[in-house]
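Data block below; observations after.
The values are calculated or read from the model by the stated rules, or taken from the named source; none is laboratory data. Because the structure is a prediction, the values reported are computed rather than measured. Cβ coordinates were reconstructed from backbone atoms using ideal geometry, including for glycine residues, and neighbour counts include every protein chain displayed. Heavy atoms of the whole protein, side chains included, go into the accessibility calculation; ligands, DNA and RNA do not. Shrake-Rupley method; radii C 1.70, N 1.55, O 1.52, S 1.80 Å.
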Amino acid sequence: MTCARCGAEYEGKKRRWCADCEVGYDGWVRQYATDMIAPVLGAMVVVVTCAVGLPLLGVPTLVAVAGALGGFATLAGLTQLNIRRRRKQFRLAVPPRAYLPAKT
Ligand SMILES: [Zn+2]
């Protein structure tokens, strides 16, 4: 297959990028480790509002359970959006010249 980022040929069908690009992404994305803060805060708001706040107002317990699940879904969804955004950002960045395939 052809790498979607650098255009190099590689074997394997599970990944869209070659191994070098995946390794480069793993190192590059570490500078954005604080991306996890926003999904955690968002999930916390959903859990506190739905699973803790609403039962105090007399809403049935089933809503509290749904609120806890909604908080987890918020965490998972926002994390996936962040991952997709960072992978796109890395893919569109110009790779270093050493990673570009040699022209023949
Ligand atoms: Zn690549």
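Worth pointing out:
- Set side by side, the residues VAL59, VAL65 differ, and just one is β-branched (Val, Ile, Thr) and assigned to a helix (DSSP H, G or I), which is VAL65.
- Test: residue in region 60-81 that is closer than 18 Å to ARG5 by Cβ and open to solvent by 80 Å² or more (accessible area, probe 1.4 Å): no
- Among all residues of region 4-17, there is none that is surrounded by 12 or more Cβ atoms within 10 Å (Cβ to Cβ), out of contact with any Asp or Glu (no Cβ under 9 Å at 6 or more places or on another chain) and in a helix (DSSP H, G or I).
- Where a residue in region 38-49 is part of a helix (DSSP H, G or I) and its partner, wherever it lies, is modelled with pLDDT under 95 and open to solvent by 40 Å² or more (accessible area, probe 1.4 Å), with Cβ under 8 Å and at least six apart: VAL47/ALA68
- Looking across region 18-56 at every residue that is over 16 Å from ILE83 (Cα atoms) and within 16 Å of the ligand (Cβ to nearest atom), the one that is surrounded by the fewest Cβ atoms within 10 Å (Cβ to Cβ) is identified as ALA19.
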